[in-house]
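Comments concern the structure below.
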Amino acid sequence: MDTIRIIGTGSYLPPKVLTNRDLEAMGLDTSDAWITSRTGIRERRIAQPEVATSELAYHASHRALQTADLNARDLDLIIVATITPDTCCPSAANWLQAKLDAPQAVAFDVTAACSGFIFALNVAEQYLKTQACRTILVVAAEVMSRTLDWKDRSTCILWGDGAGAAVLARGSDGAHLLSTHVHTDGARGQDLLLPGGGSKTTPIGHESVDRGLHTLKLIEANLSFRVAVRGFIDSIRECADFNRIRIEDIAWFIPHQANLRMFQNIASTLKIPWERFYVTLHKYGNISSASCAISLDEAVRDGSVKKGDVVCLPVFGGGLTWGSALIRW
């Protein structure tokens, strides 16, 4: 059957590991036990100073294209989900297109914070449905370490760097993308905010830096936790209902890697066995849009996801944004 398929996935993590104990040694008012008990994170990956988002995206894309048995000249469209582009202009997708040597491909970014991978899949799905494109590369890539105040333990303990990618096409081979679902609530956008760098900050200079406007702010963390849990739960139910399948028939839940206690809450509410959650949070932290894409690639490559498995990718992020994708492998 000629349907929308994922024909290759890939991911890339920078080699530098930053552990919770490393954060302790930096003089941060925290501990390995405190971070682990509240988040589930034990370590995260950090890009070297000279490495930008498009570089991480390039490595993940190369692996996805290899899996799909394609080269960059086969692509019609490149979509990069990120909130940490190399530059405000041009887009991270443009930098990636140049690195891949794919001048024939249209390229642009999607900004949806931690939900970015699913939003980008949703955009790709529309292009493939209308047959405006035949082959699309979707990449989620972040260098979150560049957005952090390393003295703020409420935020700097959470984030890491990395990239995940997927190649999509119409056809009968590969994993069947059953549906994608996306939502936004702009009125709650300030709950997770990176204030500086845009037109609202004028001029960009020493004053805005001194005021900490160029680092990520997490507002009302406890409220955000509850809202996020509800968003994850609603997204799982939505994709199951849309495809007329039972939640218990979903083999794997590969969520945006936000917080271990969130996953436990979701599993308890929906009565999902814990072993059906694929978790990479403990070793990579929260990589915003890239978390879900990286986890999907790992689950496929280590054999956890098997042929015939139905996989749900629920996400929630700043903006506010949330949604899900359902895939039959």
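The figures follow:
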quantity: Segment residue 69-residue 99, length gained on full extension (0.36 nm per residue, minus Cα span); calculated: 8.9 nm
quantity: FRET efficiency for residue 247 and residue 36, using Cβ-Cβ distance with R0 set to 35 Å, rounded to 0.05; calculated: 0.75
quantity: Estimated [θ] at 222 nm from DSSP helical runs (n ≥ 4, -39500 (n - 2.57)) normalised by residues in the chain, nearest 500; calculated: -10000 deg cm²/dmol
quantity: Accessible surface, the chain, averaged per residue in Å² (probe 1.4 Å); calculated: 43
quantity: Fraction of beta bridges assigned by DSSP in the chain that are antiparallel (%, nearest 5); calculated: 75
quantity: Cleavage-rule hits, GluC sites (Glu not before Pro), region 8-115, DSSP coil, Cβ neighbours within 10 Å at most 16; calculated: 50
quantity: Excluding exposed DSSP-loop trypsin sites (Lys or Arg not before Pro) (at most 15 other C-beta within 10 Å), longest clean stretch of the chain; calculated: 1-133
quantity: Rough spin-label spacing in nm, given labels placed 7 Å along Cα→Cβ, for residue 51 and residue 154; calculated: 3.0
quantity: Relative contact order (%) - the chain, alpha-carbon pairs under 8 angstrom, separation at least six; calculated: 26
quantity: q = 0.23 Å⁻¹, region 1-49: log10 I(q)/I(0) [Debye, one scatterer per Cα]; calculated: -0.88
quantity: Centre separation in Å (Cα based) which lies between region 94-139 and region 259-327; calculated: 21
quantity: Per-selection Kirkwood Rh - region 1-150 (Cα, Å, 1 d.p.); calculated: 16.7
quantity: As computed over the chain, the Cα convex hull volume per residue (Å³); calculated: 131
quantity: Computed label-point distance, nm, for sites residue 237 and residue 225 using a 7 Å Cα→Cβ extension; calculated: 2.2
quantity: Inter-site label distance for residue 309 and residue 26 at 7 Å from Cα along Cβ, in nm; calculated: 3.3
quantity: Pairwise centroid distance, computed over Cα atoms, of region 141-180 with region 1-19, Å; calculated: 9
quantity: Surface share of carbon and sulfur [accessible, 1.4 angstrom probe, percent] for the chain; calculated: 50
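The values are calculated or read from the model by the stated rules, or taken from the named source; none is laboratory data. Only a predicted model underlies this, so the values are computations on that prediction, with no experimental measurement involved. So basically every Cβ, Gly included, is an ideal-geometry build from the backbone, and we count neighbours across all protein chains shown. What goes into the accessible areas is simple: the full protein's heavy atoms, side chains included, and nothing from ligands, DNA or RNA. Shrake-Rupley method; radii C 1.70, N 1.55, O 1.52, S 1.80 Å.
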